[in-house]
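Everything on this sheet refers to the single structure shown next.
The values are calculated or read from the model by the stated rules, or taken from the named source; none is laboratory data. Computed from a predicted structure; not experimentally measured. Cβ: placed from backbone, ideal geometry, glycine included. Neighbour counts: every protein chain shown. Protein only, heavy atoms only, side chains kept; ligands, DNA and RNA dropped before computing areas. Shrake-Rupley method; radii C 1.70, N 1.55, O 1.52, S 1.80 Å.
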Amino acid sequence: MLSPAIDPEGAPFWQYAARGELRVQACADCGELRFPPRPCCPHCQSFGTEWRRMSGHGRVWSYVVPHPPLLPDYAAQAPYNVVVVELDEAPRIRLVGNLVAEPGARLDSLPAERLLIGARVRFVTDPGTGLPQWVLERP
């Protein structure tokens with residue numbers, strides 16, 4: 001499976017995620033939340049940053065179900081879903097991930113028929129990789 005490309009601005013996101021925390025970069029001066037992480041605030045041009053803990057709750061804003069041909073590691077789990085989740089505290093921030101039956105489950109663990117735009121989800125991490133995942137709030 002592919003690993004994320006981690007740059008200096010985004011490294012804290014991945015470190016927090018590996019600990020099971022969803023944190024989003026915020027401007028230390030104007031407080032504006034931003035994702036993806038970047039060195040300068042697009043609103044006030046400040047270089048001050050902090051990482052704010054989010055509840056991890058959101059809703060499925062969009063999704064896709066890829067089918068082969070795919071990279072070999074992914075083809076073995078196809079069809080699976082890729083969801084775009086809108087965070088409750090920051091509706092302009094949308095994160096991409098997989099909706100799974102439980103933390104650490106295979107990408108194909110949730111049948112495509114269970115995917116719904118607007119479904120309530122919560123953030124979890126794969127205990128084996130530390131990668132972010134999502135589960136339904138009401139399975």
ask   = In nanometres, what is the gap between the two model label sites at Ala75 and Arg138, each 7 Å from Cα along Cα-to-Cβ?
value = 4.0
Heavy atoms of Arg122: accessible area, 1.4 Å probe, square angstrom to 10 = 100
request  = Could you give me the percent of Cα pairs per 5 Å distance bin for segment 15-139, shortest bin first, beginning at zero and ending with the bin that holds the maximum distance?
outcome  = 2, 11, 19, 21, 17, 13, 8, 5, 2, 0
request  = Between beta-carbons, use under 13 Å as the cut-off and find the net charge around Gly20, counting Lys and Arg +1, Asp and Glu -1.
outcome  = +2
ask   = Of Pro37, Pro68, Pro79, which has the largest mean-square fluctuation in a 10 Å C-alpha GNM of the chain?
value = Pro68
note = On the accessible surface of the chain, probed at 1.4 Å with all protein chains in place, carbon and sulfur together account for a percent value of 54
request  = With a 1.4 Å probe and all protein chains in place, put Asp29, Asp7 in order of accessible area, largest first.
outcome  = Asp29, Asp7
inquiry  = Taking the full set of protein chains and a 1.4 angstrom probe, give the accessible area of Ser109 in square angstrom, rounded to the nearest 10.
reply    = 40
note = Here the FRET efficiency for Arg122 versus Met1, based on Cβ atoms and R0 = 25 Å and rounded to 0.05, is 0.65
task = Express in nm, to one decimal, how much length is gained between Val65 and Val84 on full extension, taking 0.36 nm for each residue of separation and deducting their alpha carbon distance.
result = 5.7 nm
ask   = Can you give the accessible area of Trp14 in Å² (nearest 10), computed on protein heavy atoms with a 1.4 Å probe?
value = 70
inquiry  = So for the chain, averaging the separation of alpha carbon pairs under 8 Å that are six or more residues apart and normalising by length, what relative contact order in percent results?
reply    = 21
inquiry  = Can you compute the helix-only [θ] at 222 nm over the chain? Use -39500 (n - 2.57) per DSSP H run of at least 4 residues, normalise by all residues, nearest 500 deg cm²/dmol.
reply    = -2000 deg cm²/dmol
request  = First measure r as the distance between the Cβ atoms of Ala101 and Cys40, then evaluate 1/(1 + (r/R0)^6) with R0 = 25 Å and state the FRET efficiency to the nearest 0.05.
outcome  = 0.05
key: Cα centroid of segment 116-139 to Cα centroid of segment 57-82, whole Å   = 14
